[in-house]
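Here's the structure, in structure tokens; my notes come after.
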Amino acid sequence: MSVRPWRDITRRKCRQIMVGKVPVGGDAPVTVQTMTNTPTEDAKATIDQIRRCEEAGADIIRVSCPTTEATAAFRQITRAARIPVVADIHFHYKRALEAADAGAACLRINPGNIGSSDRVAEVVRAAKANGCAIRIGVNAGSLEKDLLEKYGEPCPEALVESALDHIKLLQDHDFHEYKVAVKASDVFLAVAAYQQLAEAVDCPLHLGITEAGGLIGGTVKSAIGIGSLLWFGIGDTIRVSLSAEPEEEVRVGFEILKALGIRNRGVRVVSCPSCARQGFDVIRTVEKLESRLSHIRTPLSLSVLGCVVNGPGEARETDIGLTGGGNGKHMVYLSGVTSHHVDDERMVDHIVELVEKKAAEIEAANAAVEAAE
């Protein structure tokens with residue numbers, strides 16, 4: 001394949017921190033996060049939801065800890081989770097101390113919101129003692145009163161100043177294992193704030209468009225905002241905030257990364273919107289294939305097009321291709337080359353079999369390379 005410089009993304013250089021065993025920043029892959037929405041006090045329900053997010057591919061997960069009952073259950077949750085768990089703390093610094101002792105890999109906390117310098121020092125000591133990172137989370141909807149008075153409204157400068165103020169509180173206590181977010185529900189505001197912050201700090205940045213909306217609207221806003229920043233090379237970990245189940249946030253997060261070629265996981269489907277030329281029901285076929293192939297983690301590509309106008313061209317660029325033909329006979333392509341026909345009745349099952357076989361071959365080849373090294 002020819003070199004395509006217009007696809008290159010030069011990633012912003014920053015130092016790396018560890019969230020549990022997951023590296024964030026530096027040359028580590030951009031990670032995908034989500035957050036549970038079950039009552040944390042219900043450890044079983046929370047663990048079950050974490051399992052679903054793990055299966056969807058989440059690298060890190062956040063759990064809110066607003067009460068002593070929540071932090072009591074948090075220990076069981078962190079022990080059961082297979083991925084690092086972030087404790088979401090707001091105003092109660094004692095919850096941060098409890099969560100750190102209960103196995104949190106990271107504390108989401110704004111040091112300026114928890115009171116005196118002594119309290120900040122206590123949280124820092126607990127974080128250091130337990131190997132916790134800290135995520136500073138600035139949000140346009142909860143900016144400090146003095147900054148709102150100074151700037152008149154949430155603006156990029158206000159978000160960045162808030163972040164720098166919180167950072168200084170940690171640095172004053174010789175704590176440097178932190179990452180920062182400056183989120184807003186307004187895409188323009190969030191992107192501008194992250195761009196300014198990226199110039200001002202050397203720490204990893206956690207990207208997100210907060211309160212983005214439902215599955216469709218929130219996905220669009222997040223793809224524009226997070227995608228733009230990643231394209232600029234900004235961002236080390238992402239969370240897509242949707243009024244949807246957290247597994248959906250993970251899936252959307254990976255789709256954003258896949259679209260930019262930053263990180264591939266699972267099957268990348270190229271499919272047409274369908275029209276009167278289609279030789280089979282493209283929409284329903286893609287729905288079935290995406291559902292039945294959701295368990296595949298190996299990166300590979302599949303094109304599903306309804307007719308021969310663009311079908312052969314797209315198939316040349318994908319691992320497996322399907323193009324609609326006449327009389328219920330459709331063309332299958334393997335590694336971009338015409339291979340054989342399949343009929344309507346067997347089409348979906350056959351493509352699933354081909355994808356699973358291809359994924360197994362890729363995994364075997366990767367394992368052989370690793371063994372040789």
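The values are calculated or read from the model by the stated rules, or taken from the named source; none is laboratory data. As the structure is a prediction and not an experimental result, all values here were calculated from the model. With ideal geometry, Cβ positions are generated from the backbone for all residues, glycine too; neighbour counts draw on all protein chains shown. Heavy atoms of the whole protein, side chains included, go into the accessibility calculation; ligands, DNA and RNA do not. Shrake-Rupley method; radii C 1.70, N 1.55, O 1.52, S 1.80 Å.
Output the number of the condition that Pro66 fails; it satisfies all remaining conditions of (1) out of contact with any His (no Cβ under 8 Å at 6 or more places or on another chain); (2) open to solvent by 30 Å² or more (accessible area, probe 1.4 Å); (3) free of Cβ contacts under 8 Å to residues at least 40 places away in the same chain; (4) not β-branched (Val, Ile, Thr).
If we test Pro66 against (1) out of contact with any His (no Cβ under 8 Å at 6 or more places or on another chain); (2) open to solvent by 30 Å² or more (accessible area, probe 1.4 Å); (3) free of Cβ contacts under 8 Å to residues at least 40 places away in the same chain; (4) not β-branched (Val, Ile, Thr), just (1) comes out false.
Being in contact with a strand residue (DSSP E or B) (Cβ under 7 Å, 6 or more places away or on another chain), on the phi < 0 side of the Ramachandran plot, basic (Lys, Arg) and not in a helix (DSSP H, G or I) narrows it down to one residue among Arg277, Arg268, Arg297, Arg263; which is it?
Arg268
Here are Phe254, Phe280: which of them is aromatic (Phe, Trp, Tyr), more than 26 Å from Thr323 (Cβ to Cβ) and open to solvent by less than 50 Å² (accessible area, probe 1.4 Å)?
Phe254
Which numbered condition trips up Ala121, out of (1) hydrophobic (A, V, I, L, M, F, W, C); (2) more than 24 Å from Gly208 (Cα to Cα); (3) surrounded by 19 or more Cβ atoms within 10 Å (Cβ to Cβ)?
(3)
Gln33: more than 30 Å from Phe232 (Cβ to Cβ), open to solvent by less than 70 Å² (accessible area, probe 1.4 Å) and among the polar types (S, T, N, Q), yes or no?
The answer is no for Gln33.
Going through Arg119, Arg108, Arg95 one at a time, which residue ends up being basic (Lys, Arg) and in contact with a Cys (Cβ under 8 Å, 6 or more places away or on another chain)? Even if it seems obvious, please write down each step before you answer.
Numbers: Arg119 fails: in contact with a Cys (Cβ under 8 Å, 6 or more places away or on another chain); Arg108 fails: in contact with a Cys (Cβ under 8 Å, 6 or more places away or on another chain).
Arg95 is the lone residue from the list that is basic (Lys, Arg) and in contact with a Cys (Cβ under 8 Å, 6 or more places away or on another chain).
Kindly indicate which of Ala163, Ala102, Ala158 is at pLDDT 95 or above and either in contact with a strand residue (DSSP E or B) (Cβ under 7 Å, 6 or more places away or on another chain) or among the polar types (S, T, N, Q) (or both). Can you show your working first?
Working: Ala102 fails: either in contact with a strand residue (DSSP E or B) (Cβ under 7 Å, 6 or more places away or on another chain) or among the polar types (S, T, N, Q) (or both); Ala158 fails: either in contact with a strand residue (DSSP E or B) (Cβ under 7 Å, 6 or more places away or on another chain) or among the polar types (S, T, N, Q) (or both).
None of the other options fit; the residue is Ala163.
What residue, among those in segment 216-247 that are β-branched (Val, Ile, Thr), open to solvent by 20 Å² or more (accessible area, probe 1.4 Å) and touching a helix residue (DSSP H, G or I) at 6+ places or on another chain (Cβ under 9 Å), is nearest to Arg12 (Cα to Cα)?
Ile224
Here is a check on your reading of the model: is Ser228 touching an Asp or Glu at 6+ places or on another chain (Cβ under 7 Å) and of a type in the set (S, T, N, Q)?
Judged against the criteria, Ser228 is not a match.
Please find, among Gly112, Gly20, Gly26, the residue that is touching a His at 6+ places or on another chain (Cβ under 8 Å) and either open to solvent by 20 Å² or more (accessible area, probe 1.4 Å) or at pLDDT 95 or above (or both).
Only one candidate passes the filter, namely Gly112.
So Gly326 ticks every box in (1) open to solvent by 20 Å² or more (accessible area, probe 1.4 Å); (2) touching a residue at least 12 places away in the same chain (Cβ under 8 Å); (3) in a strand (DSSP E or B); (4) over 30 Å from Tyr194 (Cα atoms) but one. Which box is left unticked?
Single failed check for Gly326: (3).
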